[in-house]
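Encoded as structure tokens, the structure appears first; notes follow it.
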Amino acid sequence: MATSTQTAAKKAAAAKTASASKGPDAVALLKADHRAVEKLFGQYEKAKDNDRKKALADKICLELRVHMQLEEEIFYPVSREFLKDEDIVDEAVVEHAAARDLMDEIEAMAPTEDLYDAKMTVLQEQIEHHVEEEETEYFPKVQKTDMDLRAVGARMAARKEALTGEMDKSEGKGLQ
């Protein structure tokens, strides 16, 4: 006969499994991040005040750092196991490195400095190109595999929550 503690533990485990299977898949989570950053870039384009520009640029960089870390720690390694085309993963990693370098420059600048807006424009263009490739080439290839997108999505959601907590504590410093 099961004790009430064992029964409660089984119910909690079943609920956790059910909620994970009902959660968004990895591709849906990544696309949601893409839309959020696109919205922030749109707000940046309309911003006139330098303080607002700096706040938006910092927010964009932090969001991108968390997103890239999720992809590099979880999504890319797992998808690499299922894809026959590893070049697509390698290219995405290289694109991240280029964007990260540009974000480092932007974060070290003031919005009043020469080339600040130009660097934000180039970052936006790089990200738009990266997103287009992921959404039209990479993600569809992954979706045709046997990769468990819901399980990977659950891992990514948990890691994002942890990274967001770290980000709040450190204001993004130390994130890759």
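Here are some notes:
- Complete set of residues in the range 116-143 that are in contact with a helix residue (DSSP H, G or I) (Cβ under 9 Å, 6 or more places away or on another chain) and within 17 Å of ASN50 (Cα to Cα): TYR116, ASP117, LYS119, MET120, THR121
- The range 50-72 residues that are buried (at least 16 other Cβ atoms within 10 Å of the Cβ), paired with ones that are in a helix (DSSP H, G or I) and among the β-branched types (Val, Ile, Thr) (beta carbon under 6 Å, 6 or more apart): ALA57/ILE106; GLU63/VAL37
- Any chance PHE41 is in contact (Cβ under 8 Å) with a residue 40 or more places away in the chain, of a type in the set (Phe, Trp, Tyr) and within 19 Å of LEU163 (Cα to Cα): no
- Condition check for MET147 on (1) out of contact with any Phe, Trp or Tyr (no Cβ under 9 Å at 6 or more places or on another chain); (2) modelled with pLDDT of 95 or more: one failure, at (1).
- Considering residues of the range 84-127 that are out of contact with any Phe, Trp or Tyr (no Cβ under 9 Å at 6 or more places or on another chain), of a type outside the set (D, E, K, R) and free of Cβ contacts under 8 Å to residues at least 24 places away in the same chain only, the residue surrounded by the most Cβ atoms within 10 Å (Cβ to Cβ): VAL122
- The residues on offer are GLY165, GLY172, GLY153, and the sole one that is modelled with pLDDT under 95, surrounded by 18 or more Cβ atoms within 10 Å (Cβ to Cβ), within 16 Å of the chain's Cα centre (by Cα) and not charged (D, E, K, R) is GLY172.
- Enumerated helices (runs of 4 or more DSSP H) restricted to the range 1-110, each holding at least 2 residues that are at pLDDT 95 or above: 26-46, 50-70, 76-82, 86-107
The values are calculated or read from the model by the stated rules, or taken from the named source; none is laboratory data. Not measured: the values here are computed from a predicted model. Note: ideal-geometry Cβ built from the backbone for every residue, glycine included; neighbour counts use all protein chains shown.
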